[in-house]
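*Asks:* Quick one: this structure, given as structure tokens, is what I'll be asking you about.
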Amino acid sequence: MVVASLLMTPIAFAQNDSKENHSSNKPAKAKKFELTGVVFAVDSTANTVTVKNVKGNKVVRGKTEVVVMVITDTKITKNGKVVTLADIKIRDIVQARGTLDGEKLVATKLNARSAKFELTGDVVSHDTSAKKITLTVKTANKIAREFKTKQLVITYNDNTKIVLKKGIVSLADIKTGVRVNVKGVAEGDAWIASRIAVLGKIKQSTNTTNTEVKTTAKVEITENGFVPSTVTIKKGGTVTWENEFTALVWPASDPHPAHTGLAGFDAGLGLVKDATYSFIFNTVGTFGYHDHLNAAHTGTVKVVE
């Protein structure tokens, strides 16, 4: 019995050793990534999508820009429809998931949606045959904000909803001197309007007397910035800002972040929704200001005698 016991011992050891070897030979589990962001570039030759403003799990955490590789098995959709890489455009909002292969992010799924824009602008020209309107952008959401104060070409089609106004009764009347609000989608370099609403004709500047200049002015603060962005008041007049946006805003004198352009012109810790801030302008001049929490939003107060 002793001999039998001794003979069995090596066999048991060999079995244990085999289990240990089997366990250690298991392949490492591939790391998975998930992210959302904005398409910055598409390379159809390399089959890659460069994504900026990245948010995601720990594999991509801390990175502001990544390159996602698309392979044959990658499922690509856009606006709920199956598409190819060629349909993915700059500014699209994307969600991607997949695995980390060495240093490469290989997508198994890539879901995109067209970037929606909204802006207000003044018509520079209107080509009715080409269905294109060139605007000088006054205010815009974050998708079109880079074009603020610049010119942008908007295209429209038979599906675009046109909202006219008294005195502007047809598309042909949307011409130089008319202000419009436009909503639509950005497809790469194409800005396609789904809705164009006429706001009215731009008031042409004229020589005014001091009695025509108001002593009070109101500025609404929206997600797109200050409306109107420029006001003119008499010396000693008051400008009041009201926050119509859900986020905190903070109007203050230029420059950012010192606020030293006009002493005292500073809303302190900011304004919650529906809160107001007023400032009396006792000095003649032109004073620039901004939202301290979003310095891309700017405005101007002109003070005259």
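The values are calculated or read from the model by the stated rules, or taken from the named source; none is laboratory data. Not measured: the values here are computed from a predicted model. When we count neighbours, we look across all protein chains shown, and the Cβ atoms used for this are built from the backbone with ideal geometry, even at glycine.
*Asks:* Test of understanding: among Val239, Val213, Val219, Val231, which residue is surrounded by 15 or more Cβ atoms within 10 Å (Cβ to Cβ), more than 21 Å from Val123 (Cβ to Cβ), at pLDDT below 90 and of a type in the set (A, V, I, L, M)?
*Replies:* On the way: Val239 fails: at pLDDT below 90; Val219 fails: at pLDDT below 90; Val231 fails: at pLDDT below 90.
Every option except Val213 fails the conditions.
*Asks:* Do you know which residues across region 179-193 are in contact with a strand residue (DSSP E or B) (Cβ under 7 Å, 6 or more places away or on another chain) and surrounded by fewer than 16 Cβ atoms within 10 Å (Cβ to Cβ)? Break it down stepwise before answering.
*Replies:* Within region 179-193, the first condition is being in contact with a strand residue (DSSP E or B) (Cβ under 7 Å, 6 or more places away or on another chain), and the residues that meet it are 179-186, 190-193.
Hit for region 179-193 is Ala190, nothing else.
*Asks:* With the requirement that a residue be in contact (Cβ under 8 Å) with a residue 24 or more places away in the chain and outside any strand (DSSP E or B), what does region 42-70 give you?
*Replies:* Pass one, region 42-70, residues in contact (Cβ under 8 Å) with a residue 24 or more places away in the chain: 42, 44, 47, 49, 51, 57, 59-60, 65-70.
Once the filter is applied, which keeps residues that are in contact (Cβ under 8 Å) with a residue 24 or more places away in the chain and outside any strand (DSSP E or B), region 42-70 yields Ser44, Asn47, Asn57, Val59, Val60.
*Asks:* When the residues of region 264-287 are narrowed to those that are in a loop (DSSP other than H, G, I, E, B) and at pLDDT 90 or above, which ends up surrounded by the most Cβ atoms within 10 Å (Cβ to Cβ)? Full working, then the answer.
*Replies:* Our first condition is that a residue be in a loop (DSSP other than H, G, I, E, B); within region 264-287, this holds for 264-265, 267-270, 272-275, 282-284.
From what is left, the residues that are at pLDDT 90 or above are 264-265, 267, 272, 275, 282-283.
Numbers: Gly264: 9, Phe265: 20, Ala267: 23, Val272: 12, Ala275: 14, Asn282: 11, Thr283: 10.
Out of the qualifying residues, it is Ala267.
*Asks:* Determine the pairs where a residue that is closer than 22 Å to Asp43 by Cα, located within region 170-195, has a partner that is of a type in the set (Ser, Thr, Tyr) with Cβ atoms under 8 Å apart, the partner being 6 or more residues away or on another chain.
*Replies:* Close Cβ pairs (under 8 Å, with a partner that is of a type in the set (Ser, Thr, Tyr)) amount to Val185/Ser114; Val185/Ser194; Ala186/Ser114; Glu187/Ser114; Ala190/Thr155; Trp191/Thr155.
*Asks:* Right, another one. I'm told Pro257 meets every condition in (1) outside the structural domain of Val124 (by TED's automatic domain parsing); (2) in contact with a Gly (Cβ under 6 Å, 6 or more places away or on another chain) except one. Can you identify the failing condition by its number?
*Replies:* Checking Pro257 against (1) outside the structural domain of Val124 (by TED's automatic domain parsing); (2) in contact with a Gly (Cβ under 6 Å, 6 or more places away or on another chain), the one that fails is (2).
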